[in-house]
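Each remark here refers to the structure printed beneath this line.
The values are calculated or read from the model by the stated rules, or taken from the named source; none is laboratory data. Computed from a predicted structure; not experimentally measured. All Cβ positions, even for glycine, are placed from backbone atoms using ideal geometry, and neighbour counts span all protein chains on display. Side chains included, ligands, DNA and RNA excluded: accessible areas come from the protein's heavy atoms. Shrake-Rupley method; radii C 1.70, N 1.55, O 1.52, S 1.80 Å.
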Amino acid sequence: MAAREDLAAGEEFEAQVIEAYLPAELSDAELDELVTRAVAETGASSPRDMGKVIKHVMAAGGGRADGRTVSTKVKEALG
């Protein structure tokens, strides 16, 4: 493989520019609060209600929450 430091530097710069425009991800505390609120507002009481809680959290998070993390936290809250 050829060492292409010039391409790597360009890619790194592009990644930094893109990240500057992305919204900051929610903190664990903020996400926990959204999950707690979503469980209460949707009336969820069992793991069968995960889908509606996840949908609620993702909408409330405004694109700032990772789906896998939300799923894990909702599973913990309803488990």
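Counting the residues of the range 1-16 that are within 27 Å of Val70 (Cβ to Cβ) and either loosely packed, with under 10 Cβ neighbours inside 10 Å or at pLDDT below 85 (or both) gives 1.
Among the residues of the range 17-52, the ones that are touching an Asp or Glu at 6+ places or on another chain (Cβ under 9 Å), free of Cβ contacts under 8 Å to residues at least 40 places away in the same chain and within 16 Å of Ala65 (Cα to Cα) come to 1 in all. Which residue is farthest from Ala60 (Cα to Cα), if the candidates are limited to the range 17-31 and must be open to solvent by less than 70 Å² (accessible area, probe 1.4 Å) and part of a helix (DSSP H, G or I)? For the range 17-31, the residue satisfying everything is Val17.
When Thr36, Thr69 are checked against the criterion of being within 10 Å of the chain's Cα centre (by Cα) and not in a loop (DSSP other than H, G, I, E, B), Thr69 stands alone in meeting it.
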